[in-house]
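Okay, structure first, notes after.
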Amino acid sequence: MIPASELILRPNGAVYHLDLLPGQVAETIITVGDPERVAQVSRRFDHVELRVEAREFVTHTGELGGRRLTVISTGIGTDNVDIVLNELDALFNVDLARRQVRDELTPLTFLRLGTSGSFQPDLPLGSFLLSEAALGLDGLLAFYPPTDTPDPLAVALVKHLDRAGTHLPVPPLLARPRLPLLNWSLIPDLARGITLTAAGFYAPQGRSLRLPSGMSPQLLSALREFRHDGLRITNIEMETAGIYALATALGHRSASLSALLANRAQGTFSTQPAATVERLIDRGLLLLAGIGTADAVDE
């Protein structure tokens, strides 16, 4: 039995932070950072059956084209992702009344629709990117069971930085997703790469206002030059590694789709961020509508 201090429930039986009950969430879940973006997504649904707000966690469940979907805001950062992924999983895979893990587990599908900064000069503002893997520089992954062997990509990165005479402030921990069965050809201009998930927006991403960043220009340059198995570090944000690590460990599929609003290499920012996010939402819903098509591939 899971103690009350570990699985905290509200008086009505809802999970503590999200204020949600079993049955209120679909098995296909869109995550967004900004609570206001939830309504931007759900206004495209054919109908909305549920709206719940609890702190920064806003949840709408509805239907689009005959498919039941939930969209939920995580807020910013993997600390919030830790709450959202664990409590959503508990709604399906823990008997909340008996406080016991269910014998039969339900796999979920998570699609993150977020914003990010491009790390490479050739990735244009307003373009979209799929995270093939994510390097967690935020600290969350260290508190969960490690994989049996270090990922070759993370090992190669450390060696690359050693040769460049620099190093990351924290050990990089790699998270790889079990990608959903989505027809990615529906987004022909979709770039792919490795995402850096940072612990903050300013110094952890190499930004300096009045305080210097530990992500030195030498380190940032070395990260841009890294290549492994045809992949490079393409963008930096604050949630993807947490989503990928927890979803995979819990047996769920996940994908992170980002709109690139900043180009960190060139020092530029989009002049139409709102329009870019609207296009991102349309493409994400198009992908979900393509689940089960003949040419969908289990990647």
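A few notes on this one:
- Label point distance in nm, Glu36-Arg68, each placed 7 Å from Cα along Cα→Cβ: 3.1 nm
- With semi-axes defined as the square roots of five times the eigenvalues of the C-alpha gyration tensor, the equivalent ellipsoid of region 20-124 measures 25, 18, 13 Å, largest first.
- Range of Cα positions in region 177-299 per principal axis (Å), largest first: 52, 34, 26
- Each residue of region 120-221 gets 138 Å³ once the volume of the Cα convex hull is shared out per residue.
- Phi angles of region 89-96 translate, via the Karplus equation with coefficients 6.51, -1.76, 1.60 and θ = phi - 60°, into HN-Hα couplings of 4, 4, 4, 9, 10, 10, 6, 5 Hz per residue; Gly and Pro are given as x.
- Take each peptide in 130-140, 193-203, count the other Cβ atoms within 10 Å of every residue, and average; sorted highest first, the result is 130-140, 193-203.
- Local electrostatic count, His160, Cβ distance below 10 Å [Lys/Arg +1, Asp/Glu -1]: +1
- Relative to the longest principal axis of the Cα atoms of the chain, the long axis of helix 152-163 lies at roughly 30 degrees.
- Rounded to the nearest whole Hz, the Karplus-based 3J(HN,Hα) values (6.51 cos²θ - 1.76 cosθ + 1.60, θ = phi - 60°) of region 54-68 follow the sequence 8, 6, 7, 8, 10, 10, 10, 10, x, 9, 9, x, x, 10, 7, with x at glycine and proline.
- Net charge in the neighbourhood of Asp138 (other residues with Cβ under 12 Å of its Cβ; Lys, Arg +1, Asp, Glu -1) is -4.
Each reported figure results from applying straightforward, stated rules to the coordinates on display, with no laboratory input. In this text, all values refer to a predicted model and were calculated from it rather than measured experimentally. Methodologically, a virtual Cβ is constructed for each residue, glycine included, from the backbone with ideal geometry; neighbour enumeration extends over all protein chains shown.
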